[in-house]
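Asks: Quick one: structure below, then a few questions.
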Amino acid sequence: MHAISKLELTPSDTLNPILRLSLALKYDLSGRSWLVRPLTSIVTRKEPLTCQDASILGLNMTVLIARAREEVRSVFEVDEEWCNSCERCGKTSLLEEEDVEEVIMEVFGFTAAEISQPEQV
């Protein structure tokens with residue numbers, strides 16, 4: 001757990017989101033930086049989940065992430081005047097970050113209380 005405490009002091013974007021999430025699952029860590037931020041990054045990234053991601057996270061977590069990705073991406077209805085090339089802007093959804101977090105909270109069954117509590121290390 002001492003190593004986890006040291007990791008907590010590093011910025012959340014320093015550690016790969018898949019690895020950060022796997023540590024949270026393995027060591028029963030909670031809080032926004034251990035759960036919501038890595039999930040938001042994974043759900044909104046352009047690249048699809050890989051077999052290695054699934055191997056690290058396990059079947060249940062991979063399925064939930066895929067479900068959240070589908071929900072977030074289903075909102076992506078582009079008005080041609082707004083944007084005619086998703087490759088140009090790189091967005092995978094029209095949702096703002098707080099809306100993506102709301103989808104994550106719903107799909108994963110997180111409560112506001114467990115996410116807003118002080119980081120657990």
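The values are calculated or read from the model by the stated rules, or taken from the named source; none is laboratory data. Keep in mind that what you see is a predicted model, and the values were worked out from it rather than measured. Please note: Cβ atoms are built from the backbone with ideal geometry, for glycine as well, and neighbour counts cover all protein chains shown.
Asks: Checking the structure you have, find out if any residue of region 25-41 is surrounded by 10 or more Cβ atoms within 10 Å (Cβ to Cβ) and at pLDDT below 65.
Replies: no
Asks: Okay, next question. If I go through region 31-55 residue by residue, how many of them are closer than 12 Å to ASN16 by Cα and among the aliphatic types (A, V, I, L, M)?
Replies: Qualifying residue count, region 31-55: 2.
Asks: Against the definition (at pLDDT 75 or above, touching a Ser or Thr at 6+ places or on another chain (Cβ under 6 Å) and under 26 Å from GLY31 (Cβ atoms)), how does VAL72 come out, yes or no?
Replies: Numbers: at pLDDT 75 or above: yes; touching a Ser or Thr at 6+ places or on another chain (Cβ under 6 Å): yes; under 26 Å from GLY31 (Cβ atoms): yes.
Answer is yes for this residue.
Asks: Something else about it: So, in region 94-112, of the ones that are among the β-branched types (Val, Ile, Thr) and surrounded by 13 or more Cβ atoms within 10 Å (Cβ to Cβ), which residue ends up nearest to VAL36 (Cα to Cα)? Write out each step before concluding.
Replies: To start, the set of residues in region 94-112 that are among the β-branched types (Val, Ile, Thr) comprises 100, 103-104, 107, 111.
Then drop every residue that is not surrounded by 13 or more Cβ atoms within 10 Å (Cβ to Cβ), which leaves 100, 103-104, 107.
Working: VAL100: 10, VAL103: 10, ILE104: 7, VAL107: 12 Å.
Residue satisfying both the conditions and the ranking: ILE104.
Asks: Let me ask something else about it. Please go through region 22-71 and pick out each residue that is in contact with a helix residue (DSSP H, G or I) (Cβ under 7 Å, 6 or more places away or on another chain), without any contact (Cβ under 8 Å) to a residue 24 or more places away in the chain and either under 16 Å from LEU95 (Cα atoms) or in a loop (DSSP other than H, G, I, E, B) (or both).
Replies: LEU49
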